[in-house]
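Since the structure comes first, as structure tokens, the remarks are kept for the end.
The values are calculated or read from the model by the stated rules, or taken from the named source; none is laboratory data. All of these numbers come straight from a predicted model, not from anything done at the bench. Positions of Cβ are backbone-derived with ideal geometry, glycine not excepted, and every protein chain shown enters the neighbour counts.
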Ligand SMILES: Nc1ncnc2c1ncn2[C@@H]1O[C@H](COP(=O)(O)OP(=O)(O)O)[C@@H](O)[C@H]1O
Ligand code: SF4
Ligand SMILES: [Mg+2]
């Protein structure tokens, strides 16, 4: 399935189309815990090859949070499932490299990756109701997660599960331990999912839109909880969302995905306050802002995401980009823009020159945000 | 949970009443609506050369001249406490549960049915074990290896199995292997099983094909559920993911279907019993029809309907045991 040869170390920059990983100022000290290199996940369907993820690279250090942002269908979940080794369909074609704590996963055997899942890396999902098994109690499901990787008896596992339920803020954990998922509220279910994911102290937590299915009022609580736990456990977190506002505050670095590719990435401040890609501008524009009148808001990205079977030529964003004609010679429609360094650790994949982007940003976009 | 059980049992009792009312209507109301007179109805309960006195006695005994609600009341009362047929030259008692009395053979129906229940039950239970085990196993393997040679072959065979008529496979098996008598389990368990193997396999082939297809479809659906992905994300071994998380959900809808299939078989696997000449409930009903002895047919109908209601109740209880959402709502 994997077309990749095993290498000893993460290749910093390799094959064509791959770009060096972001190296921001703080990156110099810590070691990368997760390095993804040119990850491709394609699905061989009856309608054609779906290029769900098409060459994504990034790095993540222990204790840091990477936010992955993009509209639905941009390949965020496929990316995270790829890291977890959870693409079970025999139609999935996966290539590239995933280095987790110095170990390459795509070339590793399925059994090895299984042992890492839930142990070294864990994941929580968008809809906690469907992600929990309806027939087993919350407690039993956490105990199961603990006992797969730890040789402990049921009693010790139960104690640990109750501890975790308590830690994620579930009141009366002794009693709620026996409850079934349908007896929990949405927010409580997601807390239980977090307890289950963290029960083995994983060093990497991937949260795939953990608040999307929840009430607005509980969203902030869940995000706070994840942030607190990250501080406490020092784990690396990949926070996936389609809402830039969700991650802007808690992420150290941001990666913006469009049509299976990374179109902008860099430190959260840079991407949020000095975005260098028209798609990111659109995402910022579609963020709900309480301090502004609705009417004043920038028009969000028009149109819908492209088919991943027939990805538009050139810049995949061009059919929706208001500035597609700014770069000369129609290059936007013929040549795919690669990620280019804008400033320290900040990359953007757009044919516009730095000057053109700066002008549009300061004159047209920023004033409306 | 207790409230749920009480509700289900109560519903089952109500259902029994409905079932008995419908059966009653079929045998006592429909003929009347069809233009039969009380005398012609009563004549059906006696032998060929009807003696007017005997017909009059039967009419009185069955209460055909009474208002319908009273007739139904006597009918239900008979099932619960037994009935006395006091008219005519030799008064008889039909002990509870009185599922009818044959005025032709002067026998109570219930004891004859009771004699035949072990035959039918042996047939149904043995076949059920076979078809559930084989059907589920084939279905699971097919689902896990979807599109493989195994999947294609077993689903092809399953399709054939579903479409082959029972009497055809039965007769083929019979021609190939011959036939044994029914031997009660208590007499000789080995012979009991040996003589039942052929009818079991014949019956099981049909159902196992159906269950393989159902299991396969159910597995394909549940293995795509989010909670399966969660189970894998925990790092569970694939076998545990399949059995503990996938199969348990996939089998739940099968419980209902199994309850129905099994209940219907308990009412008499008519074709299998006929092909293999086993004297089960199905044969008894057939006998009632060929001998024009209505109480036999009615008795089997009632008992079969009761089996269905009881199996339904069991299905409800099993559901509650499996699915906490049912139990705790
Ligand atoms: N198993 C699969 N087979 C075919 N296409 C898939 C599969 N899984 C995901 N995709 C496609 O990949 C694209 C990206 O999906 P996803 O990563 O779930 O998007 P999102 O960014 O919303 O999480 C979608 O167009 C989706 O239809
Ligand atoms: S490359 Fe062209 S189409 Fe793509 S984002 Fe830049 S300006 Fe828009
Ligand atoms: Mg998603």
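Checking the stated criteria, residue B:279 turns out to be in the same structural domain as residue B:166 (by TED's automatic domain parsing) and part of a loop (DSSP other than H, G, I, E, B).
Residue-wise test of (1) at pLDDT 80 or above; (2) in a loop (DSSP other than H, G, I, E, B).
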{"site": "A:279", "(1), (2)": "yes, no"}
{"site": "A:284", "(1), (2)": "yes, no"}
{"site": "A:287", "(1), (2)": "no, yes"}
{"site": "A:290", "(1), (2)": "no, yes"}
{"site": "A:295", "(1), (2)": "no, no"}
{"site": "A:299", "(1), (2)": "no, yes"}
{"site": "A:310", "(1), (2)": "yes, yes"}
{"site": "A:313", "(1), (2)": "yes, yes"}
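Taken over the range A:56-77, the criterion of being in a strand (DSSP E or B) and either more than 16 Å from ligand 2 (Cβ to nearest atom) or free of Cβ contacts under 8 Å to residues at least 40 places away in the same chain (or both) is satisfied by A:56, A:57, A:58, A:59, A:60, A:61, A:65, A:66, A:67, A:68. Inside the range B:263-273, residues that are surrounded by fewer than 21 Cβ atoms within 10 Å (Cβ to Cβ) and modelled with pLDDT of 85 or more make up a count of 1.
It is to be established whether one or more residues within the range A:67-79 are within 16 Å of ligand 3 (Cβ to nearest atom), within 14 Å of chain B (Cβ to nearest Cβ), over 27 Å from residue B:147 (Cβ atoms) and under 12 Å from the mean Cα position of the chain (by Cα). Checking the range A:67-79: not a single residue is within 16 Å of ligand 3 (Cβ to nearest atom), within 14 Å of chain B (Cβ to nearest Cβ), over 27 Å from residue B:147 (Cβ atoms) and under 12 Å from the mean Cα position of the chain (by Cα).
Whenever a residue of the range A:342-364 is surrounded by fewer than 13 Cβ atoms within 10 Å (Cβ to Cβ), its partners that are not in a helix (DSSP H, G or I), lying with C-beta atoms within less than 8 angstrom and at least six residues away or across chains, give the pairs A:353/A:327. Candidates B:277, B:329: the one that is modelled with pLDDT under 90 and more than 14 Å from chain A (Cβ to nearest Cβ) is B:277.
Just to check your reading of the model, which residue among B:13, B:119 is within 30 Å of residue B:329 (Cα to Cα) and part of a helix (DSSP H, G or I)? Checking each option against the conditions leaves just B:13. Does the range A:312-340 hold any residues that are touching a strand residue (DSSP E or B) at 6+ places or on another chain (Cβ under 6 Å) and either more than 11 Å from ligand 2 (Cβ to nearest atom) or within 14 Å of another protein chain (Cβ to nearest Cβ) (or both), and which are they? The one that is touching a strand residue (DSSP E or B) at 6+ places or on another chain (Cβ under 6 Å) and either more than 11 Å from ligand 2 (Cβ to nearest atom) or within 14 Å of another protein chain (Cβ to nearest Cβ) (or both): A:339. In the set (1) surrounded by fewer than 18 Cβ atoms within 10 Å (Cβ to Cβ); (2) outside any helix (DSSP H, G or I); (3) in contact (Cβ under 8 Å) with a residue 24 or more places away in the chain, the condition left unmet by residue A:182 is number (2).
Listed conditions (1) crowded, with 24+ Cβ neighbours inside 10 Å; (2) within 14 Å of chain B (Cβ to nearest Cβ); (3) within 16 Å of ligand 3 (Cβ to nearest atom) are all met by residue A:256, apart from (2).
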